[in-house]
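Here the structure is laid out as structure tokens; the discussion comes afterwards.
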Amino acid sequence: MNSTQAVIDLIAKRKPRHALPRELYSAPEVYRQDLEQIWHRDWVFAGHTFEIPKAGQYFTLQIGDYPVAVVRGKDGQVRAFHNACRHRGAKVCEEAQGKVAKMVCPYHKWTFELDGTLLFAGNMGQDFDKTQYNLKPVHCEIVQSYIYVCVAAKAPDFEAFRTAVTPFVAPHFLEDCKVAFESNLVERGNWKLVFENNRECFHCDGTHPELMNSFVENLSVAGVGGDDDPELSAHWARCELAGMPSRLVMDINGRFRMTRIPLSAGAVSYTMDGKPAVNGRLDKSGEADIGALLYFNYPSTWNHFLGDHALSFRVLPLGPNETLVTTKWLVPSTAVEGVDYDLDRLTKVWLATNDQDRKLVEGTQMGVNSPSYEPGPFSEIAENGVCQFDDWYCSTMLDRLRGPISLKSVG
């Protein structure tokens, strides 16, 4: 049986409102299909524009099989390229981030302009045509400082997401932010387990004491509703009156969602005492308590926006049982560490929460790998979010595996 039919059969085995069959979390052939049908075809959150404010600044990331470099050009434009020299394939941008005048391959010194144009290739002879060997571009879109890239030959529509997310994020003025701290955590678990864990807080009371000082999961939102919840409706109305869009918006296919939720009584930020971690505000609403704006966009990111700071999370698969989770704490660009914020106070809650989640994911992966594992049912009260993610995954994979797309990302 080929891997396409194998994955289709595994998805067909899943009972409604149950976790996924074992092999969907662990089998190499399933991971291969996850890369080809999702990660190599969809928009993936790469980073923020303010991380590369000057010409020549770049950062790199690995999306499945594809090394990618994101570069600020001399014209100020942000571009993405396949990070493979057109000579013999060496990575041109070697570091996780850096600044260069030109992009120079370390192997044989082929030199590329910041827009990807090949400028120099030594010892190639008079008949060599440089114009045929520019760096290959990667689709790149920017929305409210968020850089999304897509390595497919043809990228899917981006405008529906841009239209939906812009009103929510714009009032936080992220273009005027900087990264105060970045955490990179390798979790020994499948990327789907990482996202499942994020999509429910059923586990939070017993696992995340730091987070629960301020965060309260709203089960109405997790169940994709909220209008029947008086407290949530009142919070939405108050925030929207202050110019902060809040009412839940969700993609018809379930790929992205934005909404604003209240925090616990008296809390306005993710700190041990619930008080602000940063002097000053991201927004200009004048509303002291805007709670937390939450947005996810499958398969690569979830995000939290508060009054004083924001957090962006990026998920990248490293293997069938390994995932990189990158967290960035975003503060106003004028904020000074030690004056406007204390780094330990700013990061303590989510550093602890991320590590606690890592342990949960890794323990779940070990259990799922057991031949004795049998998928259990989701709680109809507290696990609607994780069920929604699994439904999205199964639906997306079936649509693509049954369609005319072969196991090949780029033609």
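Before moving on, here are some points about what is shown:
- Test item: Cα-centred dipole of region 159-368, Lys/Arg +1 and Asp/Glu -1 on Cβ, debye: 400
- Residue-wise HN-Hα coupling along region 169-175, computed from phi with Karplus coefficients 6.51, -1.76, 1.60 (Hz; x: Gly, Pro): 8, 3, x, 9, 6, 5, 4
- Residues V339, V349 arranged by fewest to most Cβ contacts within 10 Å: V339, V349
- Fewest-first sequence of I8, I52 by Cβ atoms within 10 Å of each Cβ: I8, I52
- Amide H to amide H distances under 5 Å link K178 with V331, S333, where only residues 5 or more positions off or on other chains count and H is placed in the peptide plane.
- Charging the Cβ of each Asp and Glu at -1 and of each Lys and Arg at +1, and nothing else, the dipole of region 1-42 about its Cα centre rounds to 300 debye.
- Around R41: net Lys/Arg minus Asp/Glu count, Cβ-Cβ under 10 Å: 0
- Of the residues S269, S312, S233, the one that moves most in a GNM of the chain with alpha-carbon contacts below 10 Å is S233.
- Under-5 Å amide H pairs with M272, H placed in peptide plane, nonlocal only: none
- Using just its DSSP H runs of length 4 or more, each adding -39500 (n - 2.57), the chain gives a mean residue ellipticity at 222 nm of -7500 deg cm²/dmol after division by all residues.
- Using R0 = 30 Å, the C-beta based FRET efficiency linking D157 and D75 works out to 0.70.
- Restricting the calculation to Cα atoms, region 156-307 shows an Rg/Rh of 0.94 when the hydrodynamic-style radius is the Kirkwood one.
- Peptide packing: for 383-393, 195-205, the average count of neighbouring Cβ atoms within 10 Å per residue gives the ranking 383-393, 195-205, highest mean first.
- Simple point charges give the picture: +1 on the Cβ of Lys and Arg, -1 on the Cβ of Asp and Glu, and for the chain a dipole about the Cα centre of about 1420 debye.
- Paramagnetic reach from S183 (point 7 Å along Cα→Cβ, amide N under 12 Å) across region 353-393: 353-359
- Distance violations [Cα-Cα > 27 Å] among K99/K136; K74/K192; K154/K284; K91/K328; K102/K178: K74/K192; K154/K284
- Protection proxy ranking, highest mean first, for peptides 105-118, 27-40, 295-308: 295-308, 27-40, 105-118, where packing is the per-residue count of other beta-carbon atoms within 10 Å, averaged.
- Taken one residue at a time, the phi angles of region 42-51 give Karplus couplings (6.51, -1.76, 1.60, θ = phi - 60°) of 9, 6, 10, 5, 9, x, 10, 4, 6, 6 Hz. Gly and Pro are set to x.
- Annotation: amide H-H contacts under 5 Å for F112 (H modelled 1.01 Å from N, sequence separation of 5 or more, or interchain): M103, V104, C105, L119.
- Shown in residue order for region 122-127 are the 3J(HN,Hα) couplings computed by the Karplus curve 6.51 cos²θ - 1.76 cosθ + 1.60 at θ = phi - 60°: x, 6, 9, x, 5, 7 Hz (x for Gly and Pro).
FYI, it's all coordinate maths here, none of it is from the lab. Predicted model only: the values in this text are computed from it and were never measured. In this analysis, Cβ positions are derived from the backbone assuming ideal geometry, glycine residues included, and neighbour counts consider all displayed protein chains.
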